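I have placed the structure first, in the form of structure tokens, so that the comments after it can refer back to it.
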Amino acid sequence: MATSGQSTHEAEADTRNDSIKIYVNGRIVPKAEATVSVYDSGFMLGDGVWEGLRLYNGRFAFLEEHLDRLHGAAKALDLDIGLTQEELTTALYDTVRANEMHENVHARLMVTRGPKRKPFQDPRLSEEGPTIVIIAEFSAPVTAILEKGLSLHTVPIVRGLPVTQDPKLNSHSKLNCILAGIHAIKAGADEALMLDPHGFVNTTNSTNFFIVRQGEVWTSTGDYCLNGITRKKVIEICRAEHIPVFERNYSLVDTYSADEAFVTGTFGAQTPVAVIDGRTIGDGTPGPMFRRIRKLYKELVARDCGEAV
């Protein structure tokens with residue numbers, strides 16, 4: 001069985017991250033000098049959007065799709081990023097070049113509404129323009145988790161309706177997901193399994209969720225979760241390989257009796273799930289469908305980034 005204390009974002013320790021350089025509003029500065037104002041709208045209110053990106057063979061995988069999603073989210077927030085996708089691309093590559101990075105690198109691109117004139121929520125108080133930060137770290141995933149798998153605990157905190165806060169937004173405000181994660185950790189699990197407002201299985205606190213039943217791959221409808229780029233790629237891979245894949249409503253009953261389960265995200269790609277709410281999924285080890293999809297995903301990344309990864 002999986003043990004607590006793991007995370008889909010667990011990375012190998014790397015001392016090079018002690019001296020990385022960070023992009024802040026057009027400047028690339030040492031980590032200790034990478035600061036933003038305490039009046040920044042992101043710090044005060046979680047008013048901003050972000051993207052996580054992965055560098056393979058010196059190239060960011062599926063970069064255009066990530067930047068499309070970022071600009072779409074910014075438009076929904078009526079937030080003017082102030083840079084085109086081409087300019088953001090230049091900033092990303094300037095950052096990794098400044099750090100001499102090539103492989104096993106994870107980048108977080110963050111955009112907030114910028115510093116506020118006064119510490120209140122009115123967006124018109126952000127008069128100086130956006131704050132843009134890029135943190136790129138040497139970040140090799142811990143491989144042991146690929147054999148042990150995650151343990152998940154279903155929490156009462158749901159991914160909500162779009163009329164409250166649309167879960168499709170990759171916003172800086174992640175408190176509901178953080179509370180879900182805390183609930184799961186207190187229950188002795190690694191991460192939280194979250195339901196949608198109707199009680200159907202939806203996503204985890206930080207990744208998208210899939211199950212495998214009798215050769216079919218199931219995931220949620222996507223109505224109440226971040227529509228992850230890796231999630232999308234797994235669905236595309238299944239369709240291309242004639243693996244039955246369904247975006248559908250399904251319950252915990254379906255989940256507990258699944259043959260396999262796994263999660264997807266930019267950092268870890270695909271990570272197996274061994275235990276949910278104390279129930280062992282399948283035989284508790286990474287299954288053949290997980291291994292097949294992970295291999296196909298690596299091949300897809302290699303095609304996008306230039307060589308095998």
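Only residues that are under 11 Å from Tyr56 (Cβ atoms) and of a type in the set (Asp, Glu) were counted in the range 282-308, giving 2.
The residue that is surrounded by the fewest Cβ atoms within 10 Å (Cβ to Cβ), counting only those in the range 176-195 that are touching a residue at least 40 places away in the same chain (Cβ under 8 Å) and part of a loop (DSSP other than H, G, I, E, B), is Gly188.
So in the range 116-149, with the set limited to residues that are assigned to a loop (DSSP other than H, G, I, E, B) and among the hydrophobic types (A, V, I, L, M, F, W, C), which one is nearest to Ser19 (Cα to Cα)? The extreme case among them is Ala140.
Looking only at the range 14-33, decide whether some residue is of a type in the set (S, T, N, Q) and closer than 30 Å to Ala261 by Cα. So far as the range 14-33 goes, no, none of its residues is of a type in the set (S, T, N, Q) and closer than 30 Å to Ala261 by Cα. For the range 178-225, which positions are among the charged types (D, E, K, R) and in contact with an Asp or Glu (Cβ under 8 Å, 6 or more places away or on another chain)? If the condition is that a residue be among the charged types (D, E, K, R) and in contact with an Asp or Glu (Cβ under 8 Å, 6 or more places away or on another chain), then Asp196, Arg213, Asp223 are the ones that fit. I'd like the full set of residues that are touching a residue at least 12 places away in the same chain (Cβ under 8 Å) and either closer than 15 Å to Met110 by Cα or of a type in the set (Asp, Glu) (or both), limited to the range 75-92. Selection gives Leu77, Asp78, Leu79, Asp80, Ile81, Gly82, Leu83, Gln85, Leu88, Thr89, Ala91, Leu92. Filtered by the rule that a residue be part of a loop (DSSP other than H, G, I, E, B) and not small (Gly, Ala, Ser), the range 51-69 gives Asn57, Phe62.
When Gly72, Gly42, Gly82 are screened for being over 30 Å from Val275 (Cβ atoms) and in a loop (DSSP other than H, G, I, E, B), only Gly82 passes.
Residues of the range 13-41 that are over 24 Å from the mean Cα position of the chain (by Cα), over 18 Å from Ile81 (Cα atoms) and loosely packed, with under 14 Cβ neighbours inside 10 Å: Ser19, Pro30, Ala32, Glu33, Val38. Within the span defined as the range 258-271, one or more residues are in a loop (DSSP other than H, G, I, E, B), closer than 14 Å to Glu147 by Cβ, touching a residue at least 40 places away in the same chain (Cβ under 8 Å) and assigned by TED's automatic domain parsing to the domain that holds Phe210.
The values are calculated or read from the model by the stated rules, or taken from the named source; none is laboratory data. Fair warning: this is a prediction, and the values are worked out from it, not measured in the lab. In this analysis, Cβ positions are derived from the backbone assuming ideal geometry, glycine residues included, and neighbour counts consider all displayed protein chains.
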